[in-house]
1. Kindly state, to the nearest 0.05, the FRET efficiency for LYS135 paired with GLU40, given R0 = 45 Å and r defined as their beta-carbon distance.
2. If you take the square roots of the eigenvalues of the alpha-carbon gyration tensor of the chain and sort them as a ≥ b ≥ c, do you get rounded (a/c under 1.5), prolate (a/b over b/c) or oblate?
3. Given Cα pairs under 8 Å that are at least 6 residues apart, what percent is the relative contact order of region 1-111?
4. For VAL67 and GLU157, compute 0.36 nm times the residue count separating them, minus their Cα-Cα distance, and round to one decimal in nm.
5. What is the spin-label model distance, in nm, from THR6 to ARG165 if the labels are put 7 Å beyond Cα along the C-beta direction?
6. Pop out the Kirkwood hydrodynamic radius of region 1-50 from its pairwise C-alpha distances, inverse of mean 1/r, in Å to one decimal.
7. For LYS14, list the lysines whose Cα falls under 27 Å from its own Cα; do not include residues on the same chain fewer than 8 positions away.
8. If you take the square roots of the eigenvalues of the alpha-carbon gyration tensor of region 60-142 and sort them as a ≥ b ≥ c, do you get rounded (a/c under 1.5), prolate (a/b over b/c) or oblate?
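Please treat every number below as a calculation from the coordinates, not as lab data. What you see is a predicted model; the values in this text were computed from it and never measured. Counting neighbours? That spans all protein chains shown, and the Cβs are built from the backbone with ideal geometry, glycine included.
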Amino acid sequence: CQQAKTWQDAGLPKIVIAVNLSAIQFRQKRLFDIVHQALEHSGLEPSWLELEITEGALMEDTASAVVLLERLKQLGINLAIDDFGTGYSSMGYLKHFPVDKLKIDRSFVMELMESNQDRAIAQAVIALGHCLGLKVIAEGVEEEHQLDILRNDLCDEYQGYYFSRPLPPQEFVKLLSQSAKNC
């Protein structure tokens, strides 16, 4: 949160910062307080923070998960289900979770050209997400043909090495500044 606020204060384009939560972190009793304090301490508006939770973590105690997600949503935080399609959740639970995005696991993206099954799963996740009013993000996009297929299938957002490898903050600032100039 502090890094995002620093970049915003420096005049860089505002971007949503996504933070992966492990199942252990998601089960912490103080998670809501920790997130709330991080936002208050940094001064970052909640809409610029996205928390990513795996479907497996959500399914461990669905009633508690819904309550926590609703509290986080009330703060204005964006919520995403990470690695969607790899866990053991029932599709019926999706309508109860107050989330904004589904993230297609990279294992389905890797073989889009070679595997009709992976392509069908990716298409189904995109269609399901859109029918539920959610944005859909594809993880693990590494090649142009993967991006072309996902764009053709109307996926909303993409992430992966095709765009950039993970970068330290100083190098990310350069990338962010350059992309802002190209827009």
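1. Numbers: r = 27 Å, r/R0 = 0.60.
The value I calculate is 0.95.
2. Details: a/c = 2.06, a/b = 1.07, b/c = 1.93.
Here the chain falls in the oblate category.
3. Details: 148 pairs, mean separation 27.4, N = 111.
Relative contact order, region 1-111: 25 percent.
4. On the way: separation 90, 0.36 × 90 = 32.40 nm, distance 2.74 nm.
Working it through step by step, the gained length comes to 29.7 nm.
5. Computed distance between label sites THR6 and ARG165 equals 2.3 nm.
6. Details: mean 1/r = 0.0864 Å⁻¹.
Roughly 11.6 Å, rounded to one decimal.
7. Within reach: LYS5, LYS73, LYS101, LYS103, LYS135, LYS174, LYS181.
8. Details: a/c = 2.29, a/b = 2.00, b/c = 1.15.
Cα axes put region 60-142 in the prolate bin.
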